[in-house]
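These notes concern the structure reproduced below.
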Amino acid sequence: MVPGEDAILTNLRRGVLEYCVLASLRDGASYGRDIARGLAADGVLIGGEGTLYPLLSRLRRSGWVETSWQESSAGPPRRYYTVTREGERALETFQSAWTPFRTAVDTALGAEEP
C-alpha cells in the first residue's frame with residue numbers, strides 16, 4: 001500500500017519542523033501565533049497551531065529556545081520564543097546535513113537543479 005500525500009507530509013514534517021521553527025527565530029523573538037502563521041503560510045510545513053505548541057515546549061526543554069513573557073496591548077501577556085546559542089548550533093548542524101540530503105533526494109527523483 002502506497003501512503004497518501006498527507007501521510008508523506010506528516011513523515012517529512014517530523015524530521016524538519018523543529019529546525020524550521022529555529023530558523024524562523026533567527027531574526028529575533030517571536031510570539032507562538034506569529035511563528036505558526038509564518039510556517040503555515042504555504043500550507044505545507046504545519047496545518048495549524050496545534051502541532052506547534054508541543055514542539056515549542058520540547059525545544060524549550062531541550063535548551064534550544066528560551067521564553068519570556070511580554071505585555072500585549074491586545075490582551076493578556078504573551079510568551080515569546082528566542083533561539084539560544086545551543087539552538088543556533090543545532091540549526092547550523094541541520095543545515096550542513098540538509099543540503100546534501102536534499103540534493104541526493106532531488107537526484108534520486110530526477111529533479112533538475114534550479
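Key figures
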| item | result |
| --- | --- |
| Test for Ser62: is it open to solvent by 40 Å² or more (accessible area, probe 1.4 Å) and either of a type in the set (A, V, I, L, M) or more than 17 Å from Glu18 (Cα to Cα) (or both) | no |
| Subset of region 26-49 [closer than 27 Å to Ala7 by Cα, among the small types (Gly, Ala, Ser) and out of contact with any helix residue (DSSP H, G or I) (no Cβ under 9 Å at 6 or more places or on another chain)] | Ala41, Gly43 |
| Residue that is nearest to Gly75 (Cα to Cα) [pool: residues in region 25-58 that are of a type in the set (S, T, N, Q) and surrounded by 13 or more Cβ atoms within 10 Å (Cβ to Cβ)] | Ser30 |
| Criterion violated by Leu22 - all others in (1) open to solvent by less than 40 Å² (accessible area, probe 1.4 Å); (2) free of Cβ contacts under 8 Å to residues at least 60 places away in the same chain satisfied | (2) |
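Quick grid of which residues meet (1) open to solvent by 80 Å² or more (accessible area, probe 1.4 Å); (2) assigned to a loop (DSSP other than H, G, I, E, B); (3) of a type in the set (A, V, I, L, M, F, W, C):
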| site | (1), (2), (3) |
| --- | --- |
| Thr67 | no, no, no |
| Arg78 | no, no, no |
| Ala90 | no, no, yes |
| Ser96 | yes, no, no |
| Thr99 | no, no, no |
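The values are calculated or read from the model by the stated rules, or taken from the named source; none is laboratory data. The structure displayed is predicted, hence computed values, not measured ones. Positions of Cβ are backbone-derived with ideal geometry, glycine not excepted, and every protein chain shown enters the neighbour counts. For accessibility, only protein heavy atoms count, side chains too; no ligands or nucleic acids. Shrake-Rupley method; radii C 1.70, N 1.55, O 1.52, S 1.80 Å.
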